[in-house]
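Novice: Below is the structure I would like to discuss, written out as structure tokens.
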Amino acid sequence: MTDIMQRKPYPLGGHAEDGKVRFSFVSKASSCGILLFDRTTGKAIKKIPFLPEERVGNIHCKTVENIDPAKMTYQFYEEGRIVPDERARAFPGSFRYGRARSPEMMKAGFLTEAFDWEGDRAPRIPYEKALVYCLHVRGFTRHASSNVRNRGTFAGIQEKLPYLKEIGVTTLELQPAYEFLEVPMAEKHSGQPSGPAAEAETGEKKLNYWGYTKGYYYAPKAAYAASDDPSRELKSLVKALHENGMELVMQFYFPNEVKRCELPEILRFWVLEYHVDGFHLMGENMPADLLAADDALADTKLWYYHFQTDAVYGPGEQPCYPHVAEYNDAWCYDMRRYLKGDDGMLNSVLYHMRHIPEKAGSIHYLTNYSGFTLADLVSYDYKHNEANGEENRDGNDYNCSWNCGEEGPTRRLKVRKLREKQMRNAMCLLLLSQSTPLIFMGDEFGNSQKGNNNPYCQDNAVAWLDWSCAEKNVELLDFWKRLVEFRREHAILRPGRELRMMDDLACGYPDLSYHGQNAWRPQTESYFRHIGILLCGKYAAADEKEERLLYVAMNMHWESHELALPRPPRGTCWELAFSTEAEESGKKIGAVREDEVFVRRIAPRSIAVYVSAPVPGQRYGKRKQNR
């Protein structure tokens, strides 16, 4: 009888070791084994059963000698049924996107070629310095307007890295990019046909464009590769990202049928094999705190709805690199309601704009892969998902959107101008909040999905990013770039911890304060939609430029309102940095007379940002503020 220590059931799947190949297969069946195939011809080579003494619990394990893993593929079988290896590291072959695959086609292979990482190191970007860009690998560059050689692939993303750096992105978040079946395998029933033709006839199966289904969690998606080596192509992308000081976070969706005990092994594999920088965990009943406490993942970003940080780091312990972050819709819907002018939102908005969890990050966003794009958020009151074939019953009815006066595309100049301003307002809310901003692909230049808020089955121009919008809406894109640069220049907009609303430095100004029609007196009753936010740069200053005061004047009411600006330090005045209304930036106001009160009328549905700047010919004052 084989010694139990020689069976080596873990890791699961097929693995080449010292000129041999070890197989481990999970099955409760008594009759099961391995099928070997020639990698080039696909012809069957050998059928090898697992023996009763080669079983440990429900794991059947065997070491096979005298085979070349570079020249063969394999599958498992149980009780006469073919079972693709769920833990396979690769599926060699050419898989065209959108084509149905049977179990017989899913032959697993091995990672036999070494990849030269050339001393690659993870950037480990802290949350306060990160700007996240969520994208679908295929949809990002599949459209002909992307002007890349390798459309819809990992290589296509790599071609777009200069653009992503230009718009300030530090962190890419990929929708599922591990192997999954975008066309589900049809179940064969007695007397019924199966396969793509039957699916088209019955209408029961749809293309899973997004990929939120049980997957093959150890292999990159072959159809997302321009070459016949998806592993090398994804590694090249990660390496290029790191060379540019950027990082990669991957979404992993785990339905309840996936055993939670295997999740640590899956995440560790992607960190060690692909140098992935983080994971967005998706699914119910996730052991998020357990995964976050895994020592091998201690410097890997992990995103989920919520973490018990005391359970992750220990009570009273302050981690040197907080790697977990909250990722939920609370910020999104409150900000959408404020953007469209709902009452009773100010207190929630102010909380969201300053909130950073203790010992953790927070990812905030107005739009994401599900729901309206930013352009559609200001163009549609209702979802328009008719193309999905479900009579518009799918998707979320709670969108908190506003069409600005007319549903869908319009020629009315007044409506179009208001929509443009609302998108600029949305960008300000996103980048002037103190946690980590995330933008969905194309929102920086107004990409539209024609009102579809659930394009999960749309592998076409509805869900593909139309890059021609970057030229059509170049002013919006330029505004985004200016905002990103402004956020980068002012560290007080991205503090490492939540601001305390106190004058800890005894400099005359708290780190954060709120103002209404009178300075230092905020008005946050339910019927107010305007507020002034003062941020003191001294609390995050690394140089003199960052010591400036920032004043964010927000008014989402349909009428103009007055807001008071506190008196800036001696020798300085308020300078308009930018406004979502058509105002000239660089305009200076006030600040020579010490008893002067500065009141600005803020235009309807607009945001204006002022910066304290030296009065021409005077030095920046160091005197404490006298309130």
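Novice: In terms of modelled amide H atoms, which long-range or inter-chain residues lie less than 5 Å from the amide H of Lys46?
Specialist: Leu36
Novice: Taking the Cα centre of the chain as origin, sum charge times position over the Cβ atoms of Lys and Arg (+1) and Asp and Glu (-1), and report the length of that vector in debye to the nearest 20.
Specialist: Values: 82 positive and 87 negative charges, 243 e Å.
It comes to approximately 1160 debye.
Novice: Okay, next question. Would you grab the residues whose amide H sits under 5 Å from the one on Met72? Only those 5+ places off in sequence or on another chain, please, with H modelled 1.01 Å from N.
Specialist: Arg39
Novice: Right, another one. Considering only the chain, what is the antiparallel percent among its DSSP beta bridges, to the nearest 5?
Specialist: Working: 64 of 91 bridges.
Just about 70 percent of them are antiparallel.
Novice: Each residue of the range 298-315 in turn: what ³J(HN,Hα) in whole Hz from Karplus with 6.51, -1.76, 1.60 and θ = phi - 60°, glycine and Pro shown as x?
Specialist: 5, 10, 10, 5, 10, 10, 7, 4, 6, 10, 8, 5, 5, 6, 7, 9, x, x
Novice: Under a Cβ-only charge scheme (Lys and Arg +1, Asp and Glu -1), can you give me the dipole magnitude of the range 4-105 about the Cα centre, in debye to the nearest 20?
Specialist: Numbers: 18 positive and 12 negative charges, 56 e Å.
Its charge dipole is roughly 260 debye.
Novice: Considering only Ala240, Cys507, Ile439, whose Cα is most displaced toward the positive end of the charge dipole of the chain, charges sitting on Cβ of Lys, Arg (+1) and Asp, Glu (-1)?
Specialist: Cys507
Novice: Something else about it: Mind checking which lysines have their Cα closer than 20 Å to the Cα of Lys359? Skip sequence neighbours fewer than 8 apart in that chain.
Specialist: Lys129, Lys301
Novice: Here's something else I'd like to know. Would you list which lysines come within 21 Å of Lys62, measuring only between C-alpha atoms, while excluding same-chain residues fewer than 8 positions from it?
Specialist: Counting by Cα, and skipping residues close in sequence, Lys62 has these lysines nearby: Lys8, Lys20, Lys28, Lys46, Lys47, Lys71, Lys107.
Novice: Each residue of the range 70-76 in order: what ³J(HN,Hα) in whole Hz does its phi give by Karplus 6.51 cos²θ - 1.76 cosθ + 1.60, θ = phi - 60°, with x for Gly and Pro?
Specialist: Whole-Hz 3J(HN,Hα) from phi for the range 70-76: 6, 10, 9, 10, 8, 9, 9.
Novice: What do you get for the angle between helix 263-274 and the principal long axis of the chain? Use alpha-carbon atoms, 0 to 90 degrees, nearest ten.
Specialist: 80
Novice: So what are the ³J(HN,Hα) numbers for the range 164-175, from phi and the Karplus equation (6.51, -1.76, 1.60; θ = phi - 60°), rounded to whole Hz, Gly and Pro as x?
Specialist: 4, 5, 4, 8, x, 6, 10, 9, 9, 10, 9, 4
Novice: Using per-residue counts of other Cβ atoms within 10 Å, averaged over each peptide, order 522-533, 385-396 from highest down.
Specialist: 522-533, 385-396
Novice: Against the longest principal axis of the chain, how steep is helix 474-489, in degrees 0 to 90 to the nearest 10, with axes from Cα atoms?
Specialist: Between helix and principal axis, roughly 80 degrees.
Novice: Taking Kirkwood radius over Cα pairs in Å as the quantity of interest, determine which of [x] 27.0; [y] 25.0; [z] 29.3 was computed from the displayed structure.
Specialist: [x]
Novice: For the range 315-339 and the range 83-138, what is the centre-to-centre distance using only Cα atoms, to the nearest Å?
Specialist: The two parts, judged by their Cα centres, are 28 Å apart.
Novice: Which angle from 0 to 90°, rounded to the nearest 10, does the C-alpha axis of helix 330-339 make with the longest principal axis of the chain?
Specialist: Compared with the principal axis, the helix lies near 40 degrees.
Novice: Under 5 Å between amide hydrogens, which residues at least 5 positions from Ile602 or on another chain qualify, with H placed 1.01 Å from N in the peptide plane?
Specialist: Placed amide hydrogens put His561, Glu562, Leu563 under 5 Å from Ile602.
Novice: Also, I was wondering about something else. How about the range 224-260: which trypsin sites (Lys or Arg not before Pro) there are in a DSSP loop, with at most 11 other Cβ atoms within 10 Å of their Cβ?
Specialist: On the way: sites: Arg232, Lys235, Lys239, Lys259, Arg260; in loops: Lys259.
Those that pass, being in a loop and sparsely packed, are Lys259.
Novice: Just want to confirm a number: the relative contact order over the chain, from Cα pairs under 8 angstrom separated by 6+ residues, in percent. Kindly include the intermediate steps, with their values, before the conclusion.
Specialist: On the way: 1327 pairs, mean separation 61.7, N = 627.
Worked out over the chain, it gives 10 percent.
Novice: Could you please state, rounded to a whole Å, how far the C-alpha centre of the range 205-246 is from the C-alpha centre of the range 475-537?
Specialist: Comparing the Cα centres of the range 205-246 and the range 475-537, I get a distance of 39 Å.
Throughout, read-outs are computed from the coordinates displayed, never taken from laboratory work. Keep in mind the model is a prediction, meaning the values are calculated, not measured. Methodologically, a virtual Cβ is constructed for each residue, glycine included, from the backbone with ideal geometry; neighbour enumeration extends over all protein chains shown.
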